[in-house]
C-alpha cells in the first residue's frame, strides 16, 4: 500500500508541475490595422 501511495503522489506532483509550466509559454501577437485602399473625398464647396 505504501508503494501505491508514493506512486499516486508522484503522478500528482508531475501533473502539478506540468500544469504550472504550461501557462508560462504564452505567444505574443501583434495586431496591425491595414491602410485604407482609397481616400474618402473631402468637402470642397458646393460647385467645385
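Quick note: the coordinates plus some simple rules give every number you see, no bench work behind them. Every value quoted in this text rests on a predicted model; they were computed, and no experiment measured them. Note that we place each Cβ from the backbone using ideal geometry, even for glycine, and neighbour counts take in every protein chain shown.
Of note:
- The simple Förster model, with R0 at 35 Å and r as the Cβ-Cβ distance, assigns residue 2 and residue 27 a FRET efficiency of 0.20.
- Gain in span if fully extended, residue 35 to residue 18, counting 0.36 nm per residue against the direct Cα distance: 1.8 nm
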